[in-house]
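The next block holds one structure in the form of structure tokens; read it before the comments.
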Amino acid sequence: MRVVYRGLAVAAAVVAVAVTLVVVVLPSGPDEVAAGPVTAPPAAPSSSGPAPSHAAGEPVEAAKASPTPGASLAPGYTAMEALYADPRVPKLTSKVRRVKVRPPARRVLKDRRTGLAVPRLGRPWKAHNPAPYTTKQVLPRQRGTSLRGVLVTCPLPIMEQKSRRDTALLAARWTLNHHPKGSRITWLAAQPVKRGWMLIYRVKYGKHSSRAAVVVMDGGMSKPGLAFVTVPDTQRKHWPDVGRVAAGVRVLG
């Protein structure tokens, strides 16, 4: 009889162990998944190790921060890459027309710091305190707006590029800092000029626009000179002066 009881006890113990194993292995509910083996998380790659990849054999280039329009260069970007990434400045194509180069103006304003001379525009244009530029001419202010026609010269305020064309493009982008927020450029004319490059363009902001131009020219100084003129549509009768200035910038001497 003792043998029978011992057999029953052993059988009961085996059943209990089996039940325990079932409880551990099976999920406790229909929506849960039994946990798999736990492994240590992969070590973070060292800065000198290989770059991660999307797929085998395809390393991922480290992401660059996008350049912000109107701001300083994002890390890793060249000036021209920032220009091409700026949606405010369209690509300059060969379809953009040229303008007729006019004879030198009889009356000029001389900027000896840049080595350039620009047309001295007639009334109602007038000379104005140039700071922070080296020369400045302005149209009278109009009631209800702070915008007015301005013509300035100064040493190139941006980094000079190998190509005069590229330098002029960067200068035009720089001028957006002096137009209302949200301004965008549309090219109207572009061409090389003696010792430089000239661009004429429209600057659109909201329901209004300005006609503008930049001329980058080597006046024999340590940096090229920049002539920049802009006239808002509230003074549109003076828009012809923009082309007159763009075609009339000359080197002194």
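The values are calculated or read from the model by the stated rules, or taken from the named source; none is laboratory data. Model, not experiment: these values are computed from the prediction. Note: ideal-geometry Cβ built from the backbone for every residue, glycine included; neighbour counts use all protein chains shown. Surface areas here come from the heavy atoms of the whole protein model, side chains and all, with no ligands, DNA or RNA. Shrake-Rupley method; radii C 1.70, N 1.55, O 1.52, S 1.80 Å.
Numerical summary
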quantity	calculated
Accessible surface, segment 200-253, averaged per residue in Å² (probe 1.4 Å)	39 Å²
Dipole-positive endmost among Gly122, Gly144, Leu176 within segment 121-207 (Cβ charges, Cα centre)	Gly144
Sequence-distant lysines (8 or more away, or on other chains) whose Cα lies within less than 22 Å of Lys207	Lys181, Lys237
Surrounding net charge for Arg211, when Lys and Arg each add one and Asp and Glu each subtract one, Cβ distance under 12 Å	+3
Net length gained if the chain between Thr145 and Lys181 were fully extended (0.36 nm per residue, minus Cα distance)	11.5 nm
Heavy-atom surface of segment 91-199, accessible at 1.4 Å and reported per residue (Å²)	61 Å²
Electrostatic dipole magnitude of segment 124-253 [Cβ: Lys, Arg +1; Asp, Glu -1; Cα centre; debye, to 20]	380 debye
Surrounding net charge for Pro192, when Lys and Arg each add one and Asp and Glu each subtract one, Cβ distance under 13 Å	+3
Solvent-accessible area, 1.4 Å probe, carbon plus sulfur percent, for segment 99-224	50 percent
Summed side-chain charge close to Val242 - residues other than Val242 whose Cβ falls under 11 Å, Lys, Arg +1, Asp, Glu -1	+3
